[in-house]
Amino acid sequence: MSPPSIAQLPSESTTTPTVKAKSPLKSSQQHPNQKHTFPTNANTLDYARSLDTNCPLRHLRNEYIIPSKANLKVKHANDLSTPNDSSDPAIYFCGNSLGLQPKCTASYITAQLNTWSHLNVHGHFRPIADSPLKPWQELCEQASDLSAPIVGALPSEVSMQATLTVNLHLLMASFYRPVGKKCKILMESHAFPSDHYAVESQVQLHGYKAEEAMILLEPVDGEHVLSTEQICKAIDENVDEIALVLLPGIQYYTGQLLDIKTITAHARSKGLTIGWDLAHAAGNVPLYLHDWDVDFAAWCTYKYMNSGPGGMGGLFVHERHGKVTKDENTGKLDFRHRLTGWYAGDRTSRFNMDNKFVPIEGAKGFQVSNPSAIDLTSLIASLSVFAETSMEELRKKSLSITAYAEHLLLSDVPKVDGQPAYEIITPKDPEQRGAQLSVLFKKEGLLEKVGEGMEEAGVVADQRKPNVCRVAPAPMYNSYEEVWRIVGIIKGACDA
Ligand SMILES: Cc1ncc(COP(=O)(O)O)c(C=O)c1O
């Protein structure tokens, strides 16, 4: 999980070579794809409230526990006796780091604890009366079925298991098959550090040096984001040496949504394998992983999917890679190589204890261990709220509420030393971003000032050193009024 406060960008002093090219992205006041226009009174609280009143998803906010300002100040677990005071709610804009707790999570977990205390080991196979939860052996399936529509996959292509970086390792163990000089992994130079470390250790595991086997894409001078053209060009230029392309669906620092469909099609047309880290995309933007022909993907669920700290991760393996076939003559099974454990084995043979490994067809054949029933339960609780809507509906609100935040932030930008105090480094094109806007403060110390202003006002937002505040209105629970308030606080801190 990315903590809400201070964290460093991955070191730029890496010795690994970087690839630069021209970016076609140019900024203008309003992007032509921007469909939201705002009236002259858009900067008023009344207008923000009217957007909330007319929001078809406003009822979903009520499904979450909004922390109170008082409870944000609680420093010790012993002080937790004060209930959340809903008359004085905090403004929580950190769903891109850790999503809020759904109100139903506690009852789902209690149901699971009851299953454990009443049925004990039989809970693996027996359902408990009136519980929304399946027996433990079927929980991964239950969570995967509910997750599949969120990432645009067949249920068999999804396995909710382990955690993001662990799943990336499991997937790379299967999909990164370097041979001779075709050994390189193409990724971004500012990848989330965990991805960078995971790739580094994978290439080293195969006997390569990181600086030989990692191609790190760097935005061109003056740009913050990578363009699709730049990525495709880098693929073309290095195609004979690339064994794997690994990219983020949404870049964690800039909030850029990459064109997953186009980049995947391009990589695959060159015969390359491509995987995606969807940490900031899953539950944030609609995804169509099956139709886009993505080879594999992994994501965490504690951000926009609200499963709780360190919640169960997810992985996608396209159905063409998950097949298990049997030779009729020899009886020998044929399936993609992977790192295995008994939970990749078919439920009907898992308990035979005969060392005859029969993987489950599809993504669930990439499991290793007995998963945490409590983590799966927390995820299933959260997914039950997603089941009340669709990613397409959430995206509609997301486009609108993020456009509103952008509009407010960019009207009358406060000046510091005669210059605009900040700029938004997230692409202006709504098709190239999710919920998050990354606001880059131009003057040293301003981020800290804004952070103090936010803390004072009971706002939780995410600051990334050296100078970015990530403003991420989560369409599930954030309101237009909250956007109005947080922008006022940011501008007030800059003016001060
Ligand atoms: C883009 C990205 N990749 C990887 C991770 C690491 O996730 P985990 O600690 O669940 O493996 C994070 C965590 O925030 C992330 O944002």
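The values are calculated or read from the model by the stated rules, or taken from the named source; none is laboratory data. In this text the structure is predicted, and so the values were computed from the model without any measurement. Positions of Cβ are backbone-derived with ideal geometry, glycine not excepted, and every protein chain shown enters the neighbour counts.
Taking the criterion of being of a type in the set (Gly, Ala, Ser), assigned to a loop (DSSP other than H, G, I, E, B) and surrounded by fewer than 23 Cβ atoms within 10 Å (Cβ to Cβ), the residues of the stretch 152-185 that qualify are GLY152, GLY180. Across the stretch 345-375, the number of residues qualifying as of a type in the set (A, V, I, L, M, F, W, C), surrounded by 15 or more Cβ atoms within 10 Å (Cβ to Cβ) and out of contact with any Ser or Thr (no Cβ under 9 Å at 6 or more places or on another chain) comes to 1.
Pairs linking a residue in the stretch 89-101 that is more than 11 Å from VAL471 (Cβ to Cβ) to a residue that is β-branched (Val, Ile, Thr) and buried (at least 24 other Cβ atoms within 10 Å of the Cβ), with Cβ atoms under 9 Å and 6 or more positions apart or on different chains, are GLY99/THR301. Within the set ILE401, ILE380, ILE374, ILE424, the sole residue that is closer than 30 Å to SER144 by Cβ and either free of Cβ contacts under 8 Å to residues at least 60 places away in the same chain or not assigned by TED's automatic domain parsing to the domain that holds TRP342 (or both) turns out to be ILE401. The residues on offer are GLU229, GLU241, GLU223, GLU218, and the sole one that is away from the ligand (no atom under 16 Å from the Cβ), acidic (Asp, Glu) and either within 20 Å of SER194 (Cα to Cα) or surrounded by 23 or more Cβ atoms within 10 Å (Cβ to Cβ) (or both) is GLU218.
Restrict the check to the stretch 333-342 and report whether at least one residue is at pLDDT 95 or above, surrounded by 14 or more Cβ atoms within 10 Å (Cβ to Cβ) and outside any loop (DSSP other than H, G, I, E, B). Yes, the conditions are met somewhere in the stretch 333-342.
Does GLY255 meet the test of being within 16 Å of the ligand (Cβ to nearest atom), small (Gly, Ala, Ser), within 20 Å of the chain's Cα centre (by Cα) and at negative phi? Before the answer, list the steps.
Values: within 16 Å of the ligand (Cβ to nearest atom): yes; small (Gly, Ala, Ser): yes; within 20 Å of the chain's Cα centre (by Cα): yes; at negative phi: no.
Taking the combined requirement at face value, the residue does not satisfy it.
Among the residues of the stretch 148-158, is there at least one that is out of contact with any strand residue (DSSP E or B) (no Cβ under 7 Å at 6 or more places or on another chain) and either under 21 Å from GLN251 (Cβ atoms) or not assigned by TED's automatic domain parsing to the domain that holds GLN367 (or both)? For the stretch 148-158, residues out of contact with any strand residue (DSSP E or B) (no Cβ under 7 Å at 6 or more places or on another chain) and either under 21 Å from GLN251 (Cβ atoms) or not assigned by TED's automatic domain parsing to the domain that holds GLN367 (or both): present. Looking across the stretch 186-201, the residues that are buried (at least 18 other Cβ atoms within 10 Å of the Cβ) and not charged (D, E, K, R) come down to LEU186, MET187, SER189, HIS190, ALA191, PHE192, HIS196, ALA198, VAL199. Sub-7 Å Cβ pairs linking a first residue in the stretch 232-244 that is under 21 Å from HIS206 (Cβ atoms) to a second residue that is among the hydroxyl-bearing types (Ser, Thr, Tyr), at least 6 apart or interchain, are ALA243/TYR176; LEU244/TYR176; LEU244/THR273, ordered by first then second residue. Selection within the stretch 144-160: residues that are small (Gly, Ala, Ser) and within 16 Å of the ligand (Cβ to nearest atom). The member of this set that is farthest from GLY314 (Cα to Cα) is SER147. Scanning the stretch 286-319 for residues that are among the polar types (S, T, N, Q) and farther than 24 Å from GLU361 by Cβ, we see that the one that is farthest from the ligand (Cβ to nearest atom) is ASN306.
Every residue, every condition in (1) part of a helix (DSSP H, G or I); (2) in contact with a helix residue (DSSP H, G or I) (Cβ under 7 Å, 6 or more places away or on another chain); (3) at pLDDT 95 or above; (4) closer than 27 Å to VAL385 by Cβ, yes or no:
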{"residue": "GLU456", "(1), (2), (3), (4)": "yes, no, no, no"}
{"residue": "MET476", "(1), (2), (3), (4)": "no, yes, yes, yes"}
{"residue": "GLU482", "(1), (2), (3), (4)": "yes, no, yes, yes"}
{"residue": "ILE489", "(1), (2), (3), (4)": "yes, yes, no, no"}
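Output the residue which, of all residues in the stretch 70-122 that are charged (D, E, K, R) and within 29 Å of the chain's Cα centre (by Cα), is modelled with the lowest pLDDT. Ranking the candidates gives LYS75 first. Number of residues in the stretch 161-207 that are within 16 Å of the ligand (Cβ to nearest atom), touching a Ser or Thr at 6+ places or on another chain (Cβ under 6 Å) and either farther than 27 Å from ALA373 by Cβ or of a type in the set (A, V, I, L, M, F, W, C) (or both) equals 2.
All of (1) closer than 21 Å to ASP346 by Cα; (2) in contact with a Pro (Cβ under 9 Å, 6 or more places away or on another chain); (3) within 13 Å of the ligand (Cβ to nearest atom) hold for GLU141 with one exception: (3).
The rows are residues; the columns are (1) surrounded by fewer than 23 Cβ atoms within 10 Å (Cβ to Cβ); (2) farther than 16 Å from ALA191 by Cβ; (3) of a type outside the set (Asp, Glu).
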residue	(1), (2), (3)
THR254	no, no, yes
ILE263	yes, no, yes
ARG268	yes, yes, yes
THR273	yes, yes, yes
TRP276	no, no, yes
